[in-house]
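Here's the structure we're looking at; comments come further down.
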């Protein structure tokens, strides 16, 4: 399982997504405040976590 926790600076919106080895986005979420997105891997390979903050600021990201 892939678990990504994103914590934003107050008022910020961040797009967080998990991309499968074939390039397909398997989870995408707009995050305000603190949120966790998860995905159970269905295929072997390298998964990518893509975080796109809406503005400059302080962000905290944990990946398990």
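The values are calculated or read from the model by the stated rules, or taken from the named source; none is laboratory data. In this text, all values refer to a predicted model and were calculated from it rather than measured experimentally. Counting neighbours? That spans all protein chains shown, and the Cβs are built from the backbone with ideal geometry, glycine included.
Before moving on, here are some points about what is shown:
- Residues that are over 18 Å from residue 62 (Cβ atoms) and over 14 Å from the mean Cα position of the chain (by Cα), drawn from region 1-23: 10, 11, 21, 22, 23
- Verdict on residue 2 being surrounded by 13 or more Cβ atoms within 10 Å (Cβ to Cβ), touching a residue at least 60 places away in the same chain (Cβ under 8 Å) and touching a strand residue (DSSP E or B) at 6+ places or on another chain (Cβ under 6 Å): yes
- Pairing residues of region 43-62 that are within 12 Å of residue 18 (Cβ to Cβ) with residues that are outside any strand (DSSP E or B) and at pLDDT 85 or above, at Cβ distances under 6 Å and at least 6 apart in sequence or on separate chains, gives 46/21.
- Which numbered condition residue 56 misses (of (1) modelled with pLDDT under 80; (2) in contact with a strand residue (DSSP E or B) (Cβ under 8 Å, 6 or more places away or on another chain); (3) assigned to a loop (DSSP other than H, G, I, E, B)): (2)
- Count of region 14-40 residues, restricted to those that are at pLDDT 90 or above, exposed (fewer than 14 other Cβ atoms within 10 Å of the Cβ) and part of a loop (DSSP other than H, G, I, E, B), is 5.
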